[in-house]
Amino acid sequence: MIRYLHTDPWRIIQKGFNPKHQRSSESIFSIGNGRFGQRANHEESYSGETLQGSYVAGVYYPDKTRVGWWKNGYPEYFAKVLNSTNWIGIRVWVDGAELDLASCQLIDFYRELDMRRGLLTRRFSAIIGDGKQVDVEAMRFCSMSRDAQAAIRYSVTPVNFSGVVRFESCLDGDVRNHDANYDERFWAPVDQWAEASSGGVVTRTRKTEFELAVAMTHTLNRESVWEAFTSQARAACATEVRVPNGHSAVLHKYVGIVSSLHAPAAQAGEEAIRESLAARDTGFEAMREEHEARWASIWSTVDIRIDGDPEAQQAIRFNIFQLNQTYTGEDARLNIGPKGFTGEKYGGSTYWDTEAYCLPFYMSTKPQQVARQLLIYRYQHLQQAIENARKLGFTGGAALYPMVTMNGEECHNEWEITFEEIHRNGAIAYAIWNYIRYTGDHRYLCEFGLDVLIGIARFWSQRVNYSEPRKGYVILGVTGPNEYENNVNNNWYTNYIATWCLKWCIEALDYVKTHDPKAFAEKALRYELNEEEERTRWMDIISRMYFPVLEGTDVFLQQDGFMDKEQLTAADLDPLERPINQHWSWDRILRSVFIKQADVLQGLYFFEDDFSAAQLKANFDFYEPRTVHESSLSPCVHAILAARLGYEEKAYEMYMRTSRLDLDDYNHEAHEGLHITSMAGTWMAVVQGFGGMRVQDNQLLFSPMLPARWEAYQFRVLFRGQVYTVFVDRTGHRVEVGS
Ligand code: BGC
């Protein structure tokens with residue numbers, strides 16, 4: 001745990017500047033608006049360690065695969081979210097000396113992310129050159145109400161001298177990804193221009209040919225002359241003014257960001273100019289008011305209030321804030337990368353995280369259309385999933401959805417994950433079921449859902465094989481959700497979800513056949529469904545699937561041979577060796593009993609109605625002590641199950657771990673970016689964990705518990721057109737219906 005941030009119910013606060021924390025802070029203080037996002041890099045030059053990051057949703061590059069030894073079936077490339085034109089740059093000189101926080105003397109430093117308003121602010125006092133002190137304040141936001149606009153206000157105040165302040169504000173399209181397999185450049189320059197206080201840069205991704213245009217324009221609070229200059233993929237506007245002691249030079253930078261996803265490529269430049277000018281004409285304050293109003297309206301529906309525990313309160317708002325600025329649900333082509341707009345890791349691509357973790361959050365906090373859209377995203381990738389399975393040797397329309405994707409094609413390339421972590425297919429089928437259970441939108445099955453389920457069912461029916469000695473079906477050579485085990489046989493979770501998918505597909509066939517025979521006939525034809533034969537095979541697998549168990553107990557074994565391992569618990573580990581993935585060899589991890597993330601327990605979470613409380617307890621008591629939670633996706637599931645079992649202390653511990661994972665940097669990796677997808681799990685930990693929310697028979701049920709440290713909490717969910725607000729305090733709980 002690394003803790004240096006201050007607690008506040010609505011703000012993330014950093015006091016004092018320690019370069020050691022700069023990269024983590026750049027992640028934690030990131031801002032975005034669903035269309036684009038920006039790490040909290042400094043505006044002015046910074047020669048210390050930094051990870052520059054400006055990301056634009058949906059714009060990616062297929063970076064040629066790099067592996068030690070090629071294996072047939074590997075994808076050709078890994079799609080990567082791109083570090084794009086850096087639009088925040090404002091270089092500052094004071095009487096000729098450049099401001100750089102790595103080299104000047106800092107007297108004071110304060111950074112704040114105001115989550116209620118969506119504003120990032122820094123204030124500091126620096127001594128530059130020969131004892132000249134300036135106070136600096138920088139505020140910026142990515143407009144939530146104008147999705148192609150951002151604005152920065154940057155002010156410099158000399159406090160012990162009168163002198164000349166020079167600003168050089170730039171757009172820099174000559175950027176690289178930190179994570180590039182062959183050190184290639186992903187962007188090609190297209191155009192750059194600058195005149196007086198305005199300028200722009202257009203770049204184009206190599207291979208994928210996305211065009212990105214960024215334009216800027218400025219105002220300064222004092223009379224000044226602007227000069228403008230360009231070089232390849234760069235534009236800059238500079239001005240300097242004499243500032244008397246105690247007065248301020250205040251620069252406003254208005255930025256328009258338009259990609260060819262949202263404008264024809266040839267017009268992106270014009271559009272970006274138009275956006276930046278519209279921002280300038282509106283003005284910083286008016287734009288900020290609109291932006292704040294948009295955040296206020298978002299918070300009015302998604303806020304979770306926790307009384308009596310400021311750290312828990314701050315954390316849940318941080319998670320909700322990040323989710324809302326990552327994905328707004330307005331564009332069906334977009335999805336939610338594990339790091340959102342906060343880092344390059346995981347390539348900004350879509351993982352099973354979306355279906356398994358994010359869907360419930362968006363389903364309960366946004367109009368139904370948003371969750372439906374997340375499902376349609378996968379429907380639109382069905383042909384690629386069929387092609388992906390075909391490449392691996394499956395036939396007849398079997399579909400294997402990718403572990404990692406931007407456009408439906410697989411782009412992950414570790415054999416133990418690409419080929420073996422096939423449980424992901426189950427999460428996609430589960431999401432359709434979960435969505436229909438929550439929304440009652442059965443039409444979805446007739447329109448799109450059944451198509452996906454048939455492809456997935458066909459995959460499982462070919463992936464299993466009958467074992468004569470076990471007299472049952474087995475699934476060999478897989479990686480379960482616990483990636484600290486590879487190539488195992490009969491991962492309980494995978495076997496369970498495979499069987500469940502087959503049942504669900506049969507149910508879906510029946511539903512569509514009865515309720516929309518025309519759609520059924522059309523799909524049967526399109527997918528060459530051999531109904532009788534396929535159903536018979538699926539039923540046979542369902543009835544004869546093999547599941548490993550620990551004899552004489554209710555414990556489902558994670559995989560064959562699990563008990564051969566030395567049975568230690570996480571409490572036996574030397575704290576200095578945690579996280580083990582940063583201290584142990586991979587081989588040692590694989591042989592160990594330690595579990596990266598919920599695996600059997602993930603199954604018990606998804607399918608809790610299939611199991612008794614005694615089974616849940618037996619498995620939780622067995623697996624929780626062996627779990628090291630080195631995946632961000634783990635503690636939220638354990639929090640929900642612990643709450644269900646009445647293990648209040650454990651539920652609270654897991655809640656704090658999931659909700660403050662990045663703020664307190666539990667896994668020492670916040671510098672790489674935030675764990676955005678697990679933030680939806682944090683929300684689930686409150687709503688489904690402490691709030692005990694479940695859907696049964698088309699109704700919402702709540703069975704709240706109040707953690708000892710909390711005085712009260714409240715949350716709201718949208719369910720079938722109604723808003724439900726749940727209040728829980730020491731006297732009990734109540735649910736209000738209506739807004
Ligand atoms: C987890 C996966 C997850 C991925 C992206 C990995 O560390 O083990 O389950 O999909 O991160 O979040």
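The values are calculated or read from the model by the stated rules, or taken from the named source; none is laboratory data. All of these numbers come straight from a predicted model, not from anything done at the bench. With ideal geometry, Cβ positions are generated from the backbone for all residues, glycine too; neighbour counts draw on all protein chains shown. Ligands, DNA and RNA are stripped out before the accessible areas are found, and what is left, the full protein with its side chains, is counted by its heavy atoms. Shrake-Rupley method; radii C 1.70, N 1.55, O 1.52, S 1.80 Å.
Of note:
- Residue-wise HN-Hα coupling along segment 132-149, computed from phi with Karplus coefficients 6.51, -1.76, 1.60 (Hz; x: Gly, Pro): 8, 9, 10, 9, 10, 9, 10, 10, 8, 7, 9, 4, 7, 9, 10, 6, 10, 10
- Per residue accessible area in Å² of the chain, where ligands, DNA and RNA are left out and the probe is 1.4 Å: 36 Å²
- Applied to segment 604-615, the Karplus parametrisation 6.51 cos²θ - 1.76 cosθ + 1.60 on θ = phi - 60° returns per-residue 3J(HN,Hα) values of 5, 6, 4, 10, 4, 5, 7, 10, 7, 4, 5, 5 Hz, with x for Gly and Pro.
- Based on C-alpha pairs under 8 angstrom that are at least 6 apart in sequence, the chain has a relative contact order of 13 percent.
- Global form of segment 265-399, assessed from the alpha-carbon gyration tensor, a/c cut-off 1.5: oblate
- Summed side-chain charge close to VAL737 - residues other than VAL737 whose Cβ falls under 14 Å, Lys, Arg +1, Asp, Glu -1: +2
- Segment 582-617 versus segment 684-701: alpha-carbon centroid distance in Å: 22 Å
- Looking at segment 519-593, the trypsin sites (Lys or Arg not before Pro) that sit in a DSSP loop and have at most 15 other Cβ atoms within 10 Å of their own Cβ are LYS565.
- Heavy-atom accessible area order for LYS253, LYS513, largest first, 1.4 Å probe: LYS513, LYS253
- Dipole moment magnitude, nearest 20 debye, segment 387-512 about Cα centre, only Lys, Arg, Asp, Glu C-beta charged: 420 debye
- Under-5 Å amide H pairs with LYS80, H placed in peptide plane, nonlocal only: TYR61, ASP63
- For VAL258, the shell of other residues with beta-carbons less than 14 Å away shows a net charge of -3, using +1 for Lys and Arg and -1 for Asp and Glu.
- Environment charge of LYS565, counting only residues whose C-beta is closer than 11 Å and scoring Lys/Arg +1, Asp/Glu -1: -1
- Listed pairs LYS596/LYS617; LYS345/LYS503; LYS20/LYS253 exceeding 24 Å between Cα atoms: LYS345/LYS503; LYS20/LYS253
- ARG720 contributes about 90 Å² of solvent-accessible surface, heavy atoms of the protein only, 1.4 Å probe.
- Two-site FRET efficiency, ARG305 against GLU76, from Cβ-Cβ distance with R₀ of 56 Å, rounded to 0.05: 0.70
- The alpha carbon convex hull volume per residue for segment 33-300 rounds to 142 Å³.
- Scalar couplings 3J(HN,Hα) for segment 632-648, obtained by applying the Karplus form with A = 6.51, B = -1.76, C = 1.60 to θ = phi - 60°, are 4, 7, 8, x, 5, 5, 5, 5, 5, 5, 4, 4, 4, 7, x, 7, 4 Hz; x denotes Gly and Pro.
- In the chain, a dipole from Cβ-located charges (positive for Lys and Arg, negative for Asp and Glu) runs towards its positive end, and of VAL687, SER30, TYR605 it is VAL687 whose Cα lies farthest in that direction.
- The C-alpha atoms of the chain define a longest principal axis, and helix 531-544 lies at about 90 degrees to it.
- Those chymotrypsin sites (Phe, Trp or Tyr not before Pro) in segment 107-213 that DSSP places in a loop and that have at most 10 other beta carbons within 10 Å: TYR182
- Each of LEU277, TRP187, PHE78 was scored by the projection of its Cα onto the charge dipole of segment 33-300, and the greatest displacement toward the positive side belongs to PHE78; charges sit on the C-beta of Lys, Arg, Asp and Glu.
- Close amide H contacts of VAL404 (hydrogens built in the peptide plane, cut-off under 5 Å, sequence separation of 5 or more or a different chain): CYS411, HIS412.
- The order of the peptides 498-506, 26-34 by mean Cβ neighbours within 10 Å, most packed first, is 26-34, 498-506.
- Compared with the dominant principal axis of the Cα atoms in the chain, helix 492-515 is inclined by about 80°.
- Separation of the ARG123 and THR219 label points, Cα + 7 Å toward Cβ, nm: 2.3 nm
- List HIS671, HIS412, ordered by accessible area with a 1.4 Å probe, largest first: HIS671, HIS412
- Linear extension gain, THR731 paired with ARG437, 0.36 nm per residue minus alpha-carbon span: 102.7 nm
- Fraction of accessible area attributable to carbon and sulfur, the chain (%, probe 1.4 Å): 48 percent
- For segment 49-105, the set of chymotrypsin sites (Phe, Trp or Tyr not before Pro) satisfying both a DSSP loop assignment and a count of at most 15 other C-beta atoms within 10 Å is given as TRP69, TRP70.
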